[in-house]
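These notes concern the structure reproduced below.
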Amino acid sequence: MNWGFFSAALSSASLAEVLALAQSLGVRQLELGCGGYSGEAHCPRLALLHQPAQRRRWQQQIRAAGCEVGALACHVNPLHPDPALASLHRQQLDQAVELAATLAVPTLVTFSGVGGQAGVPNWPVVGWPYEYADYCQRVWQQALIPFWQDLSQKAERLGVRLALELHGGFLVHSPGTLLALRQACGPALGANLDPSHLWWQGIDPIQAVDLLGEALFHVHLKDWQADPALQARWGLLDGRDERLGPRSWRFCLPGEGHDAGFWRAFLGALQTRQYRGLLSLEHEAAGMAPEAGIRQGLGWLMSLK
């Protein structure tokens, strides 16, 4: 098991502090944000890409701690309906692919993107009235597939795998949507599977592992829990702003939403499928400090027999 964690939650900590945490947990692999929504607190994209001396110092610091970078993350929306944002996000993503190749990091994690109108994203989640289905087909054919065909070809030339996170709000959000885009774009494009984003869509994460097979490039470890009373009132398509109060579901530490039985089965399914990528704990549990959450969540998972 290639245990590690995603450092984005530790944006206020230095790289030295992140490495010290990894050492104390006995893990060697890290997932580092290098732009977009992921931030770049521990992996300054342009400096590492264009300043060889700084890149060498950065690499030496990581090696000296007995660690390595298992994946980079640049979560963006390259299809954003605001042209300025779309251009910025595409530029950051293109640079992130080049950085991953320069650093010999095998996997780059990101989002597929979603379009919209008048600068506002529009995520179609139903097929009727048929305006929704027609819009979805149009944006796939005219925007999503052409963009990812081009970037996948570049990534393949550079030896980088693109792991699209199956995340609500984006056109690729399920095993089916990922596999359809992969068929159109080639083998350099695969999935980042985070169970917490699948449960509320009604998708079994263990079945998702089987469906994805060799297209599974990366795994985020995060749990999910619904509130029955709020679910009864709002359903699981609860688009209210979580900053203003609790929604019908929340992200939580592994073991808080689903017990050890599920997590053993999930990890076992990954082993059966011979998954060799990073198992990266992503801390998004509200009310717990990031370092404490990473320690508790990863420690609990690593203790499972």
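Per-residue extension of 0.36 nm, minus the Cα-Cα distance of GLN141 and ALA118, leaves a gain of 6.3 nm for this segment. Think of a 1.4 Å ball rolled over the protein heavy atoms: the chain then has 45 Å² of accessible area per residue. Scanning the chain for cysteines with no neighbouring cysteine C-beta under 4.7 angstrom from their C-beta gives CYS67, CYS74, CYS136, CYS185, CYS252. Shown for segment 1-88: the carbon plus sulfur share of the solvent-accessible area, taken with all protein chains present and a 1.4 angstrom probe, equals 51%. Here volume of the Cα convex hull per residue in Å³ was computed from the coordinates, and among (1) 144; (2) 134; (3) 159 the match is (2).
Between GLN231 and SER12, what length comes free when the chain is fully extended (0.36 nm per residue of separation minus the Cα-Cα distance, one decimal in nm)?
Details: separation 219, 0.36 × 219 = 78.84 nm, distance 3.39 nm.
Fully extending the segment from GLN231 to SER12 adds 75.5 nm.
Computed on the chain, with alpha-carbon pairs under 8 angstrom and 6+ residues apart, the relative contact order is 17 percent. Surface composition of segment 116-215: carbon and sulfur atoms hold 52% of the protein heavy-atom accessible area at a 1.4 Å probe.
Across segment 31-41, computed HN-Hα scalar couplings (Karplus, 6.51 cos²θ - 1.76 cosθ + 1.60, θ = phi - 60°) run 10, 10, x, 10, x, x, 4, 6, x, 9, 4 Hz from first to last residue, x flagging Gly and Pro. Its relative contact order, with pairs defined as Cα atoms under 8 Å and 6+ residues apart, puts segment 46-108 at 36 percent.
The order of LYS305, LYS154, LYS222 by accessible area, most exposed first and with a 1.4 Å probe, is LYS305, LYS154, LYS222. Taking amide H as placed 1.01 Å from N in the peptide plane, THR107 has its amide H under 5 Å from the amide H of LEU72, ARG161, each at least 5 places away in sequence or on another chain. Each peptide among 276-288, 227-239, 9-21, 175-187 gets the average number of other Cβ atoms lying within 10 Å of its residues, and from highest to lowest they stand as 276-288, 175-187, 9-21, 227-239. Based only on Cα atoms, what mean projected area does the convex hull of segment 262-304 have, in nm²? Across all orientations, segment 262-304 yields a mean hull projection of 3.4 nm². Rounded to the nearest Hz, the phi-derived 3J(HN,Hα) couplings of segment 112-126 under the Karplus curve 6.51 cos²θ - 1.76 cosθ + 1.60 (θ = phi - 60°) are 6, x, 8, x, x, 9, 6, x, 10, x, 9, 9, x, 10, 9, where x marks glycine and proline. Here the accessible area of segment 222-305 is 52 percent carbon and sulfur, with a 1.4 angstrom probe and all protein chains present. Each DSSP beta bridge with both residues in segment 1-158 is either parallel or antiparallel, and the antiparallel ones are about 15%. Taken one residue at a time, the phi angles of segment 204-212 give Karplus couplings (6.51, -1.76, 1.60, θ = phi - 60°) of 7, x, 5, 4, 4, 4, 5, 5, 6 Hz. Gly and Pro are set to x. Only protein heavy atoms count here; under a 1.4 Å probe, VAL125 has an accessible surface of about 80 Å².
Shape verdict for segment 214-263, please, from the Cα gyration tensor: rounded (a/c under 1.5), prolate (a/b greater than b/c) or oblate.
Numbers: a/c = 2.33, a/b = 1.71, b/c = 1.36.
Since a/c reaches 1.5 and a/b is larger than b/c, the shape of segment 214-263 is classed as prolate.
Put simply, the amide H of PHE5, placed in the peptide plane, has neighbours under 5 Å in GLU31, LEU281, leaving out anything fewer than 5 places away on its chain.
Once the Cβ-Cβ distance of GLN207 and TYR132 is raised to the sixth power relative to R0 = 30 Å, the FRET efficiency obtained is 0.70.
Projecting the Cα positions of VAL69, GLY268, HIS173 onto the charge dipole of the chain (unit charges on Cβ atoms of Lys, Arg, Asp and Glu, taken about the Cα centre) puts VAL69 furthest along the positive direction. Remark: accessible surface ordering of VAL126, VAL219, VAL69 (largest first) is VAL126, VAL69, VAL219, probe radius 1.4 Å. Normalising the average separation of contacting C-alpha pairs (under 8 angstrom, six or more residues apart) by the number of residues puts the relative contact order of segment 27-184 at 21 percent. Within the chain, DSSP assigns beta bridges of which about 15% are antiparallel (rounded to the nearest 5).
Taking Cβ atoms as reference points and 10 Å as the exclusive limit, the residues near ALA9 contribute a net charge of -3, counting Lys and Arg as +1 and Asp and Glu as -1. Kindly identify segment 164-305 as rounded, prolate or oblate by the Cα gyration tensor criterion: order the square roots of the eigenvalues as a ≥ b ≥ c, call it rounded if a/c is under 1.5, otherwise compare a/b with b/c, prolate if a/b is larger, else oblate. Verdict is oblate for segment 164-305. When the surface is traced with a 1.4 Å probe over the full set of protein chains, GLU156 keeps roughly 110 Å² accessible. Within the assembled protein chains, the solvent-accessible surface assigned to PHE6 is about 10 Å², based on a 1.4 Å probe.
The values are calculated or read from the model by the stated rules, or taken from the named source; none is laboratory data. The structure presented is a predicted model; accordingly, all values stated were derived computationally and were not measured. Methodologically, a virtual Cβ is constructed for each residue, glycine included, from the backbone with ideal geometry; neighbour enumeration extends over all protein chains shown. In case anyone asks, the SASA skips ligands and DNA or RNA and just uses the protein heavy atoms, side chains included. Shrake-Rupley method; radii C 1.70, N 1.55, O 1.52, S 1.80 Å.
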